[in-house]
Amino acid sequence: MGLATRGGLRPWVMAPGSLSRRLAALGQGFEVQVLRQGLARLQAAERAALGARGPSLVREVLLHVGGEPVVWARSAVLLRATRGPWKALKGLGSRPLAHLLYGDPRIQRSALCPLRLPRVGATRRGLARSWQQAGLGLPSAGLQWSRSSVFTRGGAALRVMEVFAPALVGQPPGAHRIPGKPLPSFWVQTLGA
């Protein structure tokens, strides 16, 4: 299954805006399962995106729709940024990261970078560890496509990488919120807005 295939994951991988809101808009029950949040080593791609080395905060989550895991996400930020522009990350809990990223005009997002995951490597190992930790066994070989982007606030970068499960193939991304329009009621309940 290639990214370019019409029935593939391209619409999801290339969808702008909040992935969490799009998943919630599917209306089948959206949930964030935090697998890990704490100090961790940065992967090479994260070091490059953040432009520095040093102690880092990493958050790994599974995004579920209708009880099924459909996205594995990993966000990384230098620890010093969690005492400044990204301080709210520490208290995020099981709320979607989108709760912090969208609606704040001071946050800028880079272009989306789609990537087919290599068969081996740090990302694949982290994905397998997280999938097993969640009691899901080994991840499907169909978990091939990811995207990453960098959010910047107050000069500090936060890298977000999302890996898409084949369960999303054929499902169009839920509508992204148009400014001035109300959020779907489920999203409002999820965020406590």
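The values are calculated or read from the model by the stated rules, or taken from the named source; none is laboratory data. Note that this is a predicted model, so its numbers are computed, not measured. So basically every Cβ, Gly included, is an ideal-geometry build from the backbone, and we count neighbours across all protein chains shown. To get the accessible areas, we keep the full protein, side chains included, count just its heavy atoms, and leave off ligands, DNA and RNA. Shrake-Rupley method; radii C 1.70, N 1.55, O 1.52, S 1.80 Å.
In this entry, R47 is excluded by the filter for residues that are charged (D, E, K, R) and touching a helix residue (DSSP H, G or I) at 6+ places or on another chain (Cβ under 9 Å).
Return the only residue of R106, R83 being open to solvent by 10 Å² or more (accessible area, probe 1.4 Å), free of Cβ contacts under 8 Å to residues at least 24 places away in the same chain and over 26 Å from W145 (Cα atoms). Sole residue among the options that is open to solvent by 10 Å² or more (accessible area, probe 1.4 Å), free of Cβ contacts under 8 Å to residues at least 24 places away in the same chain and over 26 Å from W145 (Cα atoms): R83.
On the stretch given as the stretch 60-79, residues that are of a type outside the set (A, V, I, L, M, F, W, C) and surrounded by fewer than 22 Cβ atoms within 10 Å (Cβ to Cβ) total 5. Identify, by number, the condition in (1) part of a loop (DSSP other than H, G, I, E, B); (2) among the acidic types (D, E); (3) within 19 Å of M161 (Cβ to Cβ) that D104 doesn't meet. Every listed condition holds for D104 apart from (3).
Taking residues in the stretch 28-52 that are at positive phi, and partners anywhere that are open to solvent by 40 Å² or more (accessible area, probe 1.4 Å) and not basic (K, R), the pairs with Cβ atoms closer than 7 Å and at least 6 places apart or on different chains are G29/G66; G29/G67. Among the candidates L50, L35, L19, L42, the residue that is closer than 14 Å to Q171 by Cβ and either open to solvent by less than 40 Å² (accessible area, probe 1.4 Å) or modelled with pLDDT of 90 or more (or both) is uniquely L19.
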